[in-house]
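The values are calculated or read from the model by the stated rules, or taken from the named source; none is laboratory data. Small disclaimer: the values here were computed from a predicted structure and weren't measured. FYI the Cβ positions are ideal-geometry reconstructions off the backbone, even for glycines, and counts take in every protein chain you see. Ligands, DNA and RNA are stripped out before the accessible areas are found, and what is left, the full protein with its side chains, is counted by its heavy atoms. Shrake-Rupley method; radii C 1.70, N 1.55, O 1.52, S 1.80 Å.
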Amino acid sequence: TQLLEQSPQFLSIQEGENLTVYCNSSSVFSSLQWYRQEPGEGPVLLVTVVTGGEVKKLKRLTFQFGDARKDSSLHITAAQPGDTGLYLCAGGGGQAGTALIFGKGTTLSVSS
Amino acid sequence: NAGVTQTPKFRILKIGQSMTLQCAQDMNHNYMYWYRQDPGMGLKLIYYSVGAGITDKGEVPNGYNVSRSTTEDFPLRLELAAPSQTSVYFCASGTTGLNQPQHFGDGTRLSIL
(Lines give C-alpha, C1' and ligand atoms only; values in the text may rest on other atoms or scores of the structure.)
Protein backbone atom coordinates (compact mmCIF):
# COMPACT_ATOMS: atom_id res chain seq x y z
CA THR A 1 0.00 0.00 0.00
CA GLN A 2 1.38 3.38 -0.99
CA LEU A 3 1.49 5.99 1.77
CA LEU A 4 2.35 9.67 1.81
CA GLU A 5 3.62 11.14 5.07
CA GLN A 6 3.36 14.89 5.52
CA SER A 7 5.31 16.88 8.07
CA PRO A 8 4.89 18.82 10.15
CA GLN A 9 1.25 18.16 10.94
CA PHE A 10 0.76 21.66 12.34
CA LEU A 11 2.74 24.85 11.84
CA SER A 12 2.07 28.23 13.44
CA ILE A 13 4.29 31.13 12.39
CA GLN A 14 4.44 34.91 12.22
CA GLU A 15 3.94 36.92 9.06
CA GLY A 16 7.19 37.30 7.15
CA GLU A 17 8.74 34.00 8.23
CA ASN A 18 9.83 31.29 5.80
CA LEU A 19 8.69 27.68 6.08
CA THR A 20 9.00 24.30 4.41
CA VAL A 21 6.45 21.49 4.35
CA TYR A 22 7.45 17.95 3.44
CA CYS A 23 5.71 15.05 1.71
CA ASN A 24 7.54 11.72 1.87
CA SER A 25 6.96 8.16 0.74
CA SER A 26 8.84 4.90 0.27
CA SER A 27 7.02 4.49 -3.07
CA VAL A 28 7.73 6.06 -6.43
CA PHE A 29 5.03 8.28 -7.88
CA SER A 30 4.51 9.32 -11.48
CA SER A 31 3.43 12.78 -10.34
CA LEU A 32 2.90 14.77 -7.17
CA GLN A 33 0.15 17.32 -6.72
CA TRP A 34 -0.16 20.00 -4.04
CA TYR A 35 -3.52 21.37 -2.96
CA ARG A 36 -4.51 24.12 -0.51
CA GLN A 37 -7.75 23.90 1.40
CA GLU A 38 -9.26 26.83 3.29
CA PRO A 39 -11.82 26.37 6.08
CA GLY A 40 -15.28 25.51 4.74
CA GLU A 41 -14.04 24.96 1.20
CA GLY A 42 -12.75 22.15 -0.96
CA PRO A 43 -9.08 21.61 -1.87
CA VAL A 44 -7.76 23.72 -4.73
CA LEU A 45 -4.90 22.53 -6.92
CA LEU A 46 -1.72 24.60 -6.61
CA VAL A 47 0.72 22.68 -8.77
CA THR A 48 1.61 19.33 -10.33
CA VAL A 49 5.21 18.12 -10.59
CA VAL A 50 6.01 15.16 -12.80
CA THR A 51 9.79 15.00 -13.38
CA GLY A 52 12.33 13.94 -10.78
CA GLY A 53 14.21 17.02 -9.55
CA GLU A 54 11.61 19.38 -11.00
CA VAL A 55 11.18 22.78 -9.34
CA LYS A 56 8.12 24.95 -9.88
CA LYS A 57 7.47 28.42 -8.51
CA LEU A 58 4.12 30.03 -7.85
CA LYS A 59 4.79 33.57 -6.58
CA ARG A 60 6.23 33.04 -3.06
CA LEU A 61 5.67 29.26 -3.16
CA THR A 62 8.39 26.90 -4.42
CA PHE A 63 7.61 23.24 -5.07
CA GLN A 64 10.23 20.55 -5.60
CA PHE A 65 9.90 16.90 -6.63
CA GLY A 66 12.64 14.63 -5.35
CA ASP A 67 15.11 13.13 -7.78
CA ALA A 68 13.77 9.63 -7.10
CA ARG A 69 10.13 10.82 -7.28
CA LYS A 70 9.45 9.57 -3.74
CA ASP A 71 9.21 12.92 -1.99
CA SER A 72 8.32 16.55 -2.45
CA SER A 73 8.61 19.81 -0.58
CA LEU A 74 6.74 23.11 -0.50
CA HIS A 75 8.65 26.20 0.58
CA ILE A 76 6.89 29.46 1.33
CA THR A 77 8.93 32.65 1.46
CA ALA A 78 7.76 35.57 3.61
CA ALA A 79 4.49 33.92 4.66
CA GLN A 80 1.35 36.04 4.78
CA PRO A 81 -1.94 35.52 6.65
CA GLY A 82 -3.54 34.65 3.31
CA ASP A 83 -1.33 31.55 3.17
CA THR A 84 -3.21 30.09 6.14
CA GLY A 85 -4.85 26.77 5.32
CA LEU A 86 -4.46 23.02 5.02
CA TYR A 87 -1.82 21.92 2.53
CA LEU A 88 -2.33 18.47 1.02
CA CYS A 89 -0.01 16.50 -1.19
CA ALA A 90 -1.34 13.76 -3.47
CA GLY A 91 0.65 11.16 -5.33
CA GLY A 92 -0.28 9.75 -8.70
CA GLY A 93 0.54 6.11 -9.41
CA GLY A 94 2.47 4.85 -12.38
CA GLN A 95 -0.63 3.87 -14.28
CA ALA A 96 -3.57 6.06 -15.28
CA GLY A 97 -5.91 3.57 -13.62
CA THR A 98 -4.42 4.08 -10.15
CA ALA A 99 -6.26 6.50 -7.87
CA LEU A 100 -4.53 9.43 -6.17
CA ILE A 101 -3.10 8.85 -2.70
CA PHE A 102 -3.52 11.84 -0.37
CA GLY A 103 -1.34 12.72 2.58
CA LYS A 104 -2.99 13.74 5.86
CA GLY A 105 -2.04 17.37 5.36
CA THR A 106 -0.17 20.17 7.08
CA THR A 107 -2.24 22.85 8.80
CA LEU A 108 -0.53 26.23 8.48
CA SER A 109 -1.50 29.25 10.53
CA VAL A 110 0.15 32.60 9.75
CA SER A 111 -0.55 35.41 12.17
CA SER A 112 0.05 39.11 11.57
CA ASN B 1 -18.36 29.27 -13.77
CA ALA B 2 -19.97 26.88 -11.26
CA GLY B 3 -17.42 24.01 -11.45
CA VAL B 4 -18.42 21.28 -8.98
CA THR B 5 -21.59 21.95 -6.98
CA GLN B 6 -22.52 19.97 -3.88
CA THR B 7 -25.83 20.04 -2.03
CA PRO B 8 -26.71 20.27 0.77
CA LYS B 9 -23.86 22.08 2.54
CA PHE B 10 -24.89 20.85 5.98
CA ARG B 11 -27.13 18.05 7.20
CA ILE B 12 -27.93 16.34 10.47
CA LEU B 13 -29.31 12.79 10.30
CA LYS B 14 -30.56 10.37 12.87
CA ILE B 15 -29.07 6.88 13.06
CA GLY B 16 -30.76 4.61 10.54
CA GLN B 17 -32.02 7.37 8.26
CA SER B 18 -31.04 7.53 4.62
CA MET B 19 -30.12 10.42 2.39
CA THR B 20 -28.55 11.33 -0.93
CA LEU B 21 -25.69 13.80 -1.30
CA GLN B 22 -25.89 15.55 -4.64
CA CYS B 23 -22.96 16.45 -6.87
CA ALA B 24 -23.04 18.14 -10.26
CA GLN B 25 -20.26 19.41 -12.51
CA ASP B 26 -20.50 21.61 -15.59
CA MET B 27 -16.99 21.05 -16.99
CA ASN B 28 -17.88 17.96 -19.07
CA HIS B 29 -15.41 15.88 -17.06
CA ASN B 30 -15.58 12.12 -17.48
CA TYR B 31 -14.05 11.29 -14.10
CA MET B 32 -15.90 11.95 -10.86
CA TYR B 33 -15.06 11.04 -7.28
CA TRP B 34 -16.47 10.97 -3.77
CA TYR B 35 -14.16 11.41 -0.77
CA ARG B 36 -14.68 11.69 2.93
CA GLN B 37 -12.44 13.85 5.09
CA ASP B 38 -12.10 13.23 8.79
CA PRO B 39 -9.98 15.45 11.08
CA GLY B 40 -6.28 14.66 10.69
CA MET B 41 -6.96 11.80 8.29
CA GLY B 42 -6.67 13.36 4.84
CA LEU B 43 -9.02 12.38 2.02
CA LYS B 44 -10.29 8.83 1.65
CA LEU B 45 -11.79 7.72 -1.68
CA ILE B 46 -15.27 6.23 -1.35
CA TYR B 47 -16.36 5.64 -4.96
CA TYR B 48 -15.36 6.88 -8.36
CA SER B 49 -16.70 6.90 -11.91
CA VAL B 50 -14.83 7.05 -15.21
CA GLY B 51 -17.92 7.89 -17.23
CA ALA B 52 -21.69 7.67 -17.38
CA GLY B 53 -22.88 4.20 -16.42
CA ILE B 54 -19.54 3.15 -14.90
CA THR B 55 -18.75 3.21 -11.17
CA ASP B 56 -16.20 1.49 -8.98
CA LYS B 57 -15.29 1.17 -5.31
CA GLY B 58 -12.56 3.18 -3.69
CA GLU B 59 -10.80 2.63 -0.39
CA VAL B 60 -13.82 2.99 1.96
CA PRO B 61 -17.04 2.05 0.09
CA ASN B 62 -18.94 0.21 2.85
CA GLY B 63 -22.25 1.86 3.76
CA TYR B 64 -22.44 3.92 0.56
CA ASN B 65 -23.80 3.57 -2.96
CA VAL B 66 -23.44 5.66 -6.10
CA SER B 67 -24.89 5.94 -9.57
CA ARG B 68 -23.81 7.82 -12.70
CA SER B 69 -26.65 8.14 -15.17
CA THR B 70 -25.30 11.32 -16.79
CA THR B 71 -21.87 12.89 -17.26
CA GLU B 72 -22.87 15.83 -15.05
CA ASP B 73 -24.29 14.13 -11.95
CA PHE B 74 -22.80 11.73 -9.43
CA PRO B 75 -25.00 11.30 -6.32
CA LEU B 76 -23.83 9.48 -3.19
CA ARG B 77 -26.40 7.48 -1.22
CA LEU B 78 -26.26 6.58 2.47
CA GLU B 79 -28.83 3.87 3.13
CA LEU B 80 -28.64 3.31 6.91
CA ALA B 81 -26.77 6.18 8.48
CA ALA B 82 -24.34 5.29 11.26
CA PRO B 83 -22.35 7.59 13.61
CA SER B 84 -19.13 6.43 11.90
CA GLN B 85 -20.34 8.19 8.75
CA THR B 86 -20.18 11.60 10.41
CA SER B 87 -17.70 13.41 8.20
CA VAL B 88 -17.19 16.04 5.54
CA TYR B 89 -17.88 14.67 2.08
CA PHE B 90 -16.23 16.07 -1.03
CA CYS B 91 -17.12 15.45 -4.63
CA ALA B 92 -14.47 16.02 -7.30
CA SER B 93 -14.13 15.76 -11.05
CA GLY B 94 -11.26 15.43 -13.50
CA THR B 95 -10.49 15.05 -17.17
CA THR B 96 -8.26 12.06 -17.89
CA GLY B 97 -6.93 9.36 -15.58
CA LEU B 98 -7.51 8.59 -11.93
CA ASN B 99 -4.08 10.00 -11.07
CA GLN B 100 -4.67 13.39 -12.67
CA PRO B 101 -5.53 16.72 -10.97
CA GLN B 102 -9.04 17.09 -9.64
CA HIS B 103 -11.51 19.93 -9.12
CA PHE B 104 -13.33 19.78 -5.80
CA GLY B 105 -16.68 21.03 -4.60
CA ASP B 106 -17.00 22.84 -1.27
CA GLY B 107 -18.22 19.80 0.62
CA THR B 108 -21.22 18.53 2.57
CA ARG B 109 -20.85 18.49 6.35
CA LEU B 110 -22.84 15.53 7.66
CA SER B 111 -23.52 14.73 11.30
CA ILE B 112 -25.25 11.54 12.36
CA LEU B 113 -26.66 11.49 15.86
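Number of residues in the stretch A:61-102 that are under 9 Å from the mean Cα position of the chain (by Cα) and open to solvent by less than 10 Å² (accessible area, probe 1.4 Å) equals 7. Residue pairs whose Cβ atoms lie under 6 Å apart, sitting 6 or more positions apart in sequence or on different chains, and linking a residue in the stretch A:1-23 that is of a type outside the set (D, E, K, R) to a partner that is part of a loop (DSSP other than H, G, I, E, B) and open to solvent by 100 Å² or more (accessible area, probe 1.4 Å), are A:Q6/A:K104. In the stretch A:1-33, the residue that is farthest from B:Q37 (Cα to Cα) out of those that are at the interface with chain B (Cβ under 10 Å from one of its Cβ atoms) and either charged (D, E, K, R) or in a strand (DSSP E or B) (or both) is A:S31.
With respect to the conditions (1) of a type outside the set (V, I, T); (2) outside any strand (DSSP E or B); (3) open to solvent by 10 Å² or more (accessible area, probe 1.4 Å); (4) under 21 Å from B:S111 (Cα atoms), B:A81 falls short on a single one, namely (3). Here B:G105 meets the list (1) among the small types (G, A, S); (2) more than 8 Å from chain A (Cβ to nearest Cβ); (3) touching a residue at least 60 places away in the same chain (Cβ under 8 Å) almost entirely, failing just condition (2).
All of (1) out of contact with any Phe, Trp or Tyr (no Cβ under 7 Å at 6 or more places or on another chain); (2) open to solvent by 70 Å² or more (accessible area, probe 1.4 Å); (3) more than 14 Å from every other protein chain (Cβ to nearest Cβ) hold for A:T51 with one exception: (1).
To keep it simple, each residue is scored yes or no on (1) open to solvent by less than 60 Å² (accessible area, probe 1.4 Å); (2) closer than 21 Å to A:P43 by Cβ; (3) at pLDDT 95 or above.
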site	(1), (2), (3)
B:F10	no, yes, yes
B:A24	yes, yes, yes
B:Y35	yes, yes, yes
B:P39	no, yes, no
B:G42	yes, yes, no
B:N62	no, no, yes
B:V66	yes, yes, yes
B:R77	no, no, yes
